[in-house]
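Heads up, the thing below is written out as structure tokens.
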Amino acid sequence: MHLTFSTAGESHGKALVALVEGLPAGLPVSAEWVDRELVRRMQGYGRGARMKIERDHVDWLSGVRAGETLGTPVAMLIPNRDWANWEDVMAHEAAEPGELRRRRVTRPRPGHADLVGVLKYDRVDARDILERASARETTARVAAGALARRLLDEFGVEIGSHVVSLGGVLAAPPTPLPVPLNDAADRSEVRVLDPSVEAEIIRRIDAAKKAGDTLGGEVEVVARGVVVGLGSHVSWDRKLDGRLAGMLMSIPAVKAVEIGLGVEAARRPGSEVHDPIDAASSTPPPEPGDRRAGFRRRSNNAGGLEGGITTGEPLVIRVAMKPISTLMSPLPTVDLATGKPANAQSERSDVTAVPAMGVIAEALTALVLADAMLEKFGGDSLGEMRRNFDGYVAALGARWGSLRGQVEG
Ligand code: EPS
């Protein structure tokens with residue numbers, strides 16, 4: 001891993017922290033850039049009251065000076081405004097030894113980490129688990145991802161997402177998708193690109209809220225401008241599809257990730273799956289700076305990846321999220337304090353967070369792609385990385401003609 005990140009913080013703790021290592025020196029960054037992504041993550045019809053309390057923003061702790069990265073670890077702090085309401089419950093020190101605090105959670109929610117967490121970590125209060133299992137942690141990941149996105153932006157990569165299904169309602173997005181994708185998707189409260197289904201999705205969210213239920217859905221992440229040749233076919237852990245899928249599956253409540261045609265590819269013959277290759281023009285060499293080295297595909301069922309390597313076509317990834325496991329009409333469980341049947345704990349939560357999940361998936365896609373860019377083009381500074389990148393793209397173009405000559409000769 002060339003770009004690594006980690007996060008710390010509990011949902012109702014003092015703050016969240018994101019630590020990012022491996023960014024080159026000289027990358028222009030601003031809190032405004034990061035905060036824009038944090039604000040996007042807080043949006044979406046169906047979020048709960050918590051998003052009305054928070055004003056997510058980053059305070060730089062290290063790694064940035066005068067608006068540029070130093071090449072040192074970047075640490076960012078995101079305060080939890082809700083901490084003020086939880087200071088006693090979440091206090092770091094016990095008032096008395098072994099003190100059990102109020103707001104204990106002993107009725108684990110089916111689908112949440114509550115039960116498996118208390119068993120594994122030998123806790124009596126599931127709050128010790130859910131505070132970290134909460135999707136609140138994704139705020140810090142989005143902050144880290146915003147820096148990765150900043151790096152990719154320097155190399156002309158645009159990452160966006162849109163919701164393709166929510167609460168069982170399927171959207172029919174336009175083809176081709178709008179550019180830039182997020183300008184269009186963020187205009188919709190549920191981040192769909194199909195106005196005809198928007199009202200029905202909102203109606204289902206309202207109905208689920210009334211019934212004390214929750215809803216899942218799918219988003220599609222699209223990355224455009226990715227150069228051919230990121231990732232590798234040579235070993236399992238270098239394949240970019242595996243790296244993307246692993247990262248995206250780590251989003252809370254995500255149950256499936258598909259690349260390109262995904263599961264549907266398994267149901268069709270090869271002739272209806274694989275993307276025929278064309279030369280971009282009949283007179284090579286290709287356009288200077290062409291990231292696809294002068295080749296084009298008639299379709300993009302591969303979703304921009306072949307053999308674990310980017311093709312230069314847009315990266316297209318679908319991510320599916322189950323409904324949130326906190327139900328206001330709770331499901332049966334066992335009270336860990338009594339051993340008796342009970343209804344699961346209900347805490348303030350969201351009816352759906354699918355639109356926000358798209359923003360999180362974009363951030364994580366950016367982190368994987370930035371890592372793959374650093375792996376291929378390295379460099380301690382942005383300038384060095386750019387020279388390596390430009391040299392590679394120029395060589396791809398020059399190679400076209402010589403390859404043709406060799407084959408013909
Ligand atoms: C979230 C913050 C949480 C939840 C949600 C996502 O805040 P609170 O628990 O204070 O209401 O709204 O987390 C969950 C759905 C969950 O199961 O933990 C956020 O910042 O995204």
Label-to-label distance, nm, for residues given as THR72 and ASP88 (7 Å Cα→Cβ offset): 4.1 nm
Per-residue HN-Hα couplings for the range 331-338 [Karplus 6.51, -1.76, 1.60; θ = phi - 60°; Hz; x = Gly/Pro]: 8, x, 8, 10, 6, 5, 7, 10
Over the chain: Rg over Rh, Cα atoms, Kirkwood Rh: 1.01
Under the Karplus curve 6.51 cos²θ - 1.76 cosθ + 1.60, θ = phi - 60°, whole-Hz ³J(HN,Hα) for the range 219-236, x wherever Gly or Pro sits: 10, 10, 9, 10, 10, 10, x, 6, 6, 5, x, 8, x, 7, 8, 6, 8, 3
Förster radius 22 Å - calculated FRET efficiency between TYR392 and ASP153 (Cβ-Cβ, nearest 0.05): 0.75
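Using 0.36 nm per residue of separation minus the Cα-Cα distance, give me the extension gain between LYS210 and SER235 in nm, one decimal. The partial results should precede the final answer.
Details: separation 25, 0.36 × 25 = 9.00 nm, distance 5.00 nm.
Separation in residues times 0.36 nm, less the Cα-Cα distance, equals 4.0 nm.
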Rounded tilt (10° steps) of 195-210 against the dominant C-alpha axis of the chain: 20 degrees
Distance in nm between pseudo-label sites at ASN343 and SER271 (7 Å out along the Cβ direction from Cα): 5.9 nm
Folded to 0 to 90 degrees: helix 31-42 orientation relative to the chain principal axis, Cα: 60 degrees
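Determine the alpha carbon to alpha carbon distance for each of LYS14/LYS120; LYS14/LYS52; LYS14/LYS210; LYS14/LYS340; LYS255/LYS340; LYS120/LYS340 and list only those over 23 Å. Can you show the working numbers first?
On the way: LYS14/LYS120 25 Å; LYS14/LYS52 17 Å; LYS14/LYS210 32 Å; LYS14/LYS340 34 Å; LYS255/LYS340 30 Å; LYS120/LYS340 21 Å.
Pairs exceeding the cut-off: LYS14/LYS120; LYS14/LYS210; LYS14/LYS340; LYS255/LYS340.
Using the count of nearby Cβ atoms within 10 Å as a rough guide to exposure, how do GLU258, GLU87 rank from fewest to most?
Numbers: GLU258 19, GLU87 13.
Least to most surrounded, the residues fall as GLU87, GLU258.
Take peptides 292-298, 72-78, 214-220 and line them up by average Cβ neighbours within 10 Å, highest first, as a rough protection proxy. Display every interim value, and only then the final one.
Working: 292-298: 17.6, 72-78: 19.9, 214-220: 24.6.
Per-residue mean Cβ counts within 10 Å order the peptides as 214-220, 72-78, 292-298.
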Part-to-part distance (alpha-carbon centres) for the range 100-178 and the range 2-39, which is given in Å: 16 Å
Where labels lie 7 Å past Cα in the beta-carbon direction, separation of ARG81 and ARG102 in nm: 2.3 nm
Gaussian network model of the chain, Cα within-10 Å springs - most flexible of VAL29, VAL163, VAL142: VAL29
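Please order ASP241, ASP213 by the number of other Cβ within 10 Å, starting at the fewest. Spell out each step's value before the answer.
Working: ASP241 22, ASP213 18.
Fewest to most other Cβ atoms nearby, the residues stand as ASP213, ASP241.
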Proxy reagent accessibility, fewest Cβ within 10 Å first, across MET321, MET90: MET90, MET321
Helix axis angle, 354-377 relative to the chain longest principal axis, alpha carbon, degrees: 50 degrees
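When a/c is below 1.5 the answer is rounded, else prolate if a/b is larger than b/c, else oblate, so apply that to the range 88-222 with a ≥ b ≥ c taken from the square roots of the Cα gyration tensor eigenvalues. Before the final figure, lay out the partial values.
Details: a/c = 3.25, a/b = 1.68, b/c = 1.94.
Oblate.
Every number here is computed from the coordinates shown, using simple stated rules; none is lab data. Small disclaimer: the values here were computed from a predicted structure and weren't measured. Neighbour counts run over all protein chains shown; Cβ positions are idealised from the backbone, glycine included.
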